[in-house]
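One structure below.
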Amino acid sequence: MEIVSFEQLDSTQNYLIEALEKSQLQAPLAVIASEQTGGIGSRENLWHSSRGDLLFSFALPLSWLPDDLPLGSSSIYFAYIMKETLIEFQSSIWLKWPNDIYYCENKIGGVVTKMIGKNLVCGMGVNLKKNQKGFEALSIGVEPTFVCKMYLNGLDKKPTWKHIFRKYKLEFDYHKNISTHIMGQKISLHNAVLCDDGSLLINKKRIYSLR
């Protein structure tokens, strides 16, 4: 997959979406920046980052995706592949449903996906380097572009949703003592059931990931 690099962008995801909508770029494609001034986090929050962090987005045609991937769980799929990339450098990394990447007890990254026409755009941010604001990071001393290429190589192998889900379900069950934000509310996952399509069943109500 081609990677377009920039020194600074407002948001790699916003840039890629705008370029796709204007037919200036075509999927599959990735965009990476050394710095972001307005990165997008979960629930439309600002993602704080600094130079040396992994900041990139990519676009894939829907036809590229595994046939068994539920689109509503794309964030889980893409985030878990990133988790498997990062454990090559550091253990104790896990994925909090549906799109937060954690190192031990601290959030160090996240994934946001959006449908743009017949493409799926995924934005990723992972703190690889501690910054002056004190946000947690992996501090692994690896260049962001190198990690990005590793990730995209793993993505190119097109693991099936069944393969990813089987491993993620074990991880989900292990971390059920946590809470997550659903529809603006903090909800405990203690009694949650992870369904085969990546959705949650909580108090007989099905909840889908739309991030």
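Here are the numbers for this structure:
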| read-out | value |
| --- | --- |
| VAL142, VAL4 arranged by Cβ crowding within 10 Å, fewest neighbours leading | VAL4, VAL142 |
| Nonlocal amide H pairs with VAL142, under 5 Å, H built at 1.01 Å | none |
| Order of MET124, MET115, MET183, MET1 under a 10 Å beta carbon neighbour criterion, fewest first | MET183, MET115, MET1, MET124 |
| Listed residues ALA192, ALA137, ALA79: farthest to the positive end of the dipole of the chain (Cβ charges) | ALA192 |
| Helical mean residue ellipticity (222 nm; -39500 (n - 2.57) per DSSP H run of 4+; nearest 500) of the chain | -7500 deg cm²/dmol |
| Of TRP161, GLN26, ASN203, farthest towards positive along the dipole that unit charges on Lys, Arg, Asp, Glu beta carbons give the chain | ASN203 |
| Relative contact order (%) - criterion: Cα under 8 Å, at least six apart; region: segment 3-177 | 23 |
| Amide proton proximity set for ASP10, modelled H, under 5 Å, gap of 5+ | THR37 |
| Above-threshold pairs, the threshold being 22 Å between Cα atoms, out of LYS96/LYS167; LYS167/LYS204; LYS118/LYS158; LYS107/LYS169 | LYS167/LYS204 |
| Using alpha carbons only: equivalent-ellipsoid semi-axes of segment 3-177, gyration tensor based, whole Å | 22, 21, 14 |
| Taking CYS195, CYS104, CYS148 and counting other C-beta atoms within 10 Å, the order from fewest to most | CYS104, CYS195, CYS148 |
| Farthest toward positive dipole pole in segment 63-209 [+1 Lys/Arg, -1 Asp/Glu at C-beta], among SER179, ASN106, LEU65 | SER179 |
| Size of charge dipole - the chain - debye, nearest 20, with Cβ of Lys, Arg +1 and Asp, Glu -1, no other charges | 660 |
| Dipole magnitude of segment 50-161, debye to nearest 20 (Cβ charges: Lys/Arg +1, Asp/Glu -1, about Cα centre) | 300 |
| Ordering of 75-86, 22-33 by packing [mean C-beta count within 10 Å, highest first] | 75-86, 22-33 |
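Throughout, read-outs are computed from the coordinates displayed, never taken from laboratory work. If you're wondering where the values come from, they're calculated on a predicted model, not measured in any experiment. A quick note on method: Cβ atoms are made from the backbone with ideal geometry, for glycine too, and the neighbour counts reach across all protein chains shown.
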